[in-house]
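Chemist: Sharing a structure with you now.
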Amino acid sequence: WDTISRFLYDIEPEFVDSKYFCAAARKRGYIHNLPVENRFPLFPLAPRTIHEALPLSKKWWPSWDPRTKLNCLQTAIGSAQLTNRIRKAVEDFDGEPPMRVQKFVLDQCRKWNLVWVGRNKVAPLEPDEVEMLLGFPKNHTRGGGISRTDRYKSLGNSFQVDTVAYHLSVLKDLFPGGINVLSLFSGIGGGEVALYRLGIPLNTVVSVEKSEVNRDIVRSWWEQTNQRGNLIHFNDVQQLNGDRLEQLIESFGGFDLVI
């Protein structure tokens, strides 16, 4: 954090946990020079607890699992061998399993964000459930036509949209006619989705992202949401030298926001 701050005008990071905006924790530090007055959350508000987000799990949730929030969503999920092991461990007992079994199960459930989907049965989150928890539209990561493994990877590395939208909400009154964005290391477009959901028109987005999978996801979202602005992709940040930036700035008048 000291290094990042040093290269960004000694701005101190603002540490925020997404558990205040959704049903999953995601501790992150945001270094920014945005105003902080008059920030507002995205509406409708995201579900704040596991049972609000995943109501079908409530029926099967054992009384000895005290979780109300999921942990940080990662790029990988728990294996079928692990979920089988948990089922067998819990099935061996009629009532509540003993403390040692409870501890093993809860440790694994917290580590891998497993949820109860049947009698004594846990399962990892599906990609569309992860999308929902992170504030993306349904099937957002299917837009790249990619594998489940790649979907989890792309989602696990992304912003939580409601959290980043809270920071960016101050731009709504500043840019009523739309905004030009330089989006560096865009991933699956969390910043762009947040601006769109805030109702800020995207006039031009210059997106720099090395993953072809992620570029395809952003392009697909851009088309599906009928964006009227320009999306310009670069796959290598090193292509964006001073000359190239000058050309881009000349063609549409500069960037209002750099993410």
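The values are calculated or read from the model by the stated rules, or taken from the named source; none is laboratory data. Not measured: the values here are computed from a predicted model. Heads up, the Cβs are rebuilt from the backbone with ideal geometry, glycines too, and the neighbour counts pull from every protein chain shown. The area values use the complete protein model at the heavy-atom level, side chains included, leaving out ligands, DNA and RNA. Shrake-Rupley method; radii C 1.70, N 1.55, O 1.52, S 1.80 Å.
Chemist: Is segment 120-134 home to any residue that is of a type outside the set (A, V, I, L, M, F, W, C) and more than 30 Å from ARG219 (Cα to Cα)?
Modeler: yes
Chemist: Just need a number here: residues in segment 249-259 that are in contact (Cβ under 8 Å) with a residue 12 or more places away in the chain and open to solvent by 40 Å² or more (accessible area, probe 1.4 Å).
Modeler: Residues that pass the stated criteria total 6.
Chemist: If I go through segment 36-94 residue by residue, how many of them are touching a residue at least 60 places away in the same chain (Cβ under 8 Å), over 16 Å from LEU134 (Cβ atoms) and open to solvent by 30 Å² or more (accessible area, probe 1.4 Å)?
Modeler: Count: 7.
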